[in-house]
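Take a look at the structure below.
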Amino acid sequence: MSRSIVRQSKFRHVFGQTVKAEQGYDDIRVSKVTWDSSFCAVNPKFLAVIVESSGGGAFLVLPLSKSGRVDKNYPLVVGHSGPVLDIDWCPHDDNILASGSEDCTAMVWQIPDHSLTRPLSDPVVVLEGHSKRVGIVTWHPTARNILLTAGSDNLIIIWNVGTGEPLISMDDHPDLIYSISWNRNGSLFCTTCKDRRLRVCDPRKREVVAERLAPHEGIRPMRAIFTRDGNIFTTGFTRMSQRELGLWDPTNFEEPIAVLELDTSNGVLLPYYDADANMVYLCGKGDSSVRYFEITDEPPYVHYLSTFSTKEPQRGMGFMPKRGVDVSKCEIKKERNQKALCLTFIHLANSLPQSDLFQDDLYPDTAGAEPAMEAEEWLDGRDEDPILVSMREGYVPPKSRELKVAKKNVLDSKPTARRSMSTLDTSSLPRLLEEIQNLKATVLSQEKRICDLENKLSQFTNGTD
């Protein structure tokens, strides 16, 4: 007699569960902007949701300690003159959030620990360098104050928000950038682009180190994320518009490690990765389900675990960092959906009453809030993995730390005595030339933006005469 062999996995019994209605949020007017971002971000302190707003862009920030119906007059975070397209919490400070907008700027905000009593309109720093809308903002995983932005001008800029200055600019993408994901130590990032190419970029070398044409044959948007092993997990479409996922080794893009077709739907699948469990959660706008998979070293490498379904379609998704889950309830992951109802993924076998002990196998040490290095160290070539913290006693968010922006004043730099070329260190010349080229590129982009704004002003003036 043949027996079916069930694959052994400690995450085989993970299931999804919504919390009670009073523990969620209601009456949130989620943005209707047609942009494929998550529209939602969450950390151990706050929930942030991009919302509909007249007179510019805005988003809502709610403390996790308070839930229920949201007053329609609840103060918003305002400041952008155009709709907000993307938001991202800083991994090293739970009170710092970055936003990107159609007004061609990115902004960094300091959120107070208490609930907002009036609209917040003054960002800590405004980052201006793009000539078109900024659709992607993402923080460096291990270096303090490093923020990456990408715009519809096909330009990627890496900033030091501590000084408000651009550090690196890359214009290697000929078309719209769909997604960007840092690897675990922030030495590389991968991108997907409208030209149907998957790229791996080394930002400090300012070059594309690997690329693959059409990892998915369909022409609809793709998404890509780095896994903890350095592989790349992708979602996209087949030529027949079926949604599919793939796993790739960036050192050998010739053949995929795994490819799996899923279903037929128009919604782009947004992947969310849990590095501790090596699990991927797939959500899609308009979908009413969340699928989750485990990535292993054994064929077929990407193993389907289960699907959680709800009655209402999703409008936006945000995933809690692992340090924010409740270990006493054996929570594996938390999601917030379009009504900001909390969905938790729980390990069934270890959530029974007799399981009161800390589950070491479910909760290895996870990335904490302390940065592993400073921005200058990363720029000089240093790489560090995240600093890990134990979850045995649970996670207590630290108190808010003020983000101080110290912009450099060129008038403060005193001229140095001139030296002859024979005394100069010629090894620094290539870097100086690179810096000059980057500054020229930044100036050109600013001049282009000024021209665009002047043209718009001229059209408006002519139209009102």
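Sort through 37, 4, 65, 54 and tell me the only one that's in a loop (DSSP other than H, G, I, E, B), at pLDDT below 90 and surrounded by 13 or more Cβ atoms within 10 Å (Cβ to Cβ). Exactly one of 37, 4, 65, 54 is in a loop (DSSP other than H, G, I, E, B), at pLDDT below 90 and surrounded by 13 or more Cβ atoms within 10 Å (Cβ to Cβ), namely 37. Condition check: open to solvent by less than 10 Å² (accessible area, probe 1.4 Å) and of a type in the set (Val, Ile, Thr). Does residue 117 satisfy that? The answer is no for residue 117.
The number of residues in the range 76-97 that are assigned to a loop (DSSP other than H, G, I, E, B) and in contact (Cβ under 8 Å) with a residue 40 or more places away in the chain comes to 9. Checking each residue in the range 170-186 for being closer than 13 Å to residue 152 by Cβ, of a type outside the set (Phe, Trp, Tyr) and surrounded by 18 or more Cβ atoms within 10 Å (Cβ to Cβ) picks out 173, 177. The number of residues in the range 273-290 being under 20 Å from residue 226 (Cβ atoms) and open to solvent by 40 Å² or more (accessible area, probe 1.4 Å) comes to 1. Buried (at least 17 other Cβ atoms within 10 Å of the Cβ), acidic (Asp, Glu) and modelled with pLDDT of 95 or more: which single residue out of 261, 244 fits that description? The conditions single out 244. The test for being within 30 Å of residue 432 (Cβ to Cβ) and open to solvent by less than 20 Å² (accessible area, probe 1.4 Å) holds for residue 199. If the condition is being free of Cβ contacts under 8 Å to residues at least 40 places away in the same chain and part of a loop (DSSP other than H, G, I, E, B), then the range 119-155 contributes 132, 152, 154. Within the range 156-175, identify whether any single residue is under 17 Å from the mean Cα position of the chain (by Cα) and in a loop (DSSP other than H, G, I, E, B), and answer yes or no. Yes, that holds for at least one residue.
Selection of the range 68-85 for residues being open to solvent by less than 20 Å² (accessible area, probe 1.4 Å) and in contact with a Gly (Cβ under 6 Å, 6 or more places away or on another chain) yields 80, 82, 84, 85.
Would you check if residue 23 is open to solvent by 30 Å² or more (accessible area, probe 1.4 Å), in contact (Cβ under 8 Å) with a residue 12 or more places away in the chain and under 24 Å from residue 370 (Cβ atoms)? No. Within the range 98-118, the residues that satisfy the criterion of being more than 14 Å from residue 151 (Cα to Cα) and free of Cβ contacts under 8 Å to residues at least 60 places away in the same chain are 109, 114, 115, 116, 117, 118. Selection of the range 364-386 for residues being in contact (Cβ under 8 Å) with a residue 24 or more places away in the chain, assigned to a loop (DSSP other than H, G, I, E, B) and of a type outside the set (Asp, Glu) yields 364, 368, 369, 371, 372, 381, 386.
Checked against the criterion of being at pLDDT 75 or above and assigned to a loop (DSSP other than H, G, I, E, B), the range 442-450 has no qualifying residue. Taken over the range 139-162, the criterion of being open to solvent by less than 20 Å² (accessible area, probe 1.4 Å) and hydroxyl-bearing (Ser, Thr, Tyr) is satisfied by 142, 149. None of 294, 211 is surrounded by fewer than 19 Cβ atoms within 10 Å (Cβ to Cβ), of a type outside the set (S, T, N, Q) and either at pLDDT 95 or above or not in a strand (DSSP E or B) (or both) except 211.
In summary, residue 10 fulfils each of the numbered conditions (1) modelled with pLDDT of 90 or more; (2) open to solvent by 50 Å² or more (accessible area, probe 1.4 Å) with the single exception of condition (1).
The values are calculated or read from the model by the stated rules, or taken from the named source; none is laboratory data. Just so you know, these numbers come straight off a predicted model, no measurement behind them. As a convention, Cβ positions derive from the backbone with ideal geometry for all residues, glycine included, and neighbour counts pool all protein chains shown. Surface areas here come from the heavy atoms of the whole protein model, side chains and all, with no ligands, DNA or RNA. Shrake-Rupley method; radii C 1.70, N 1.55, O 1.52, S 1.80 Å.
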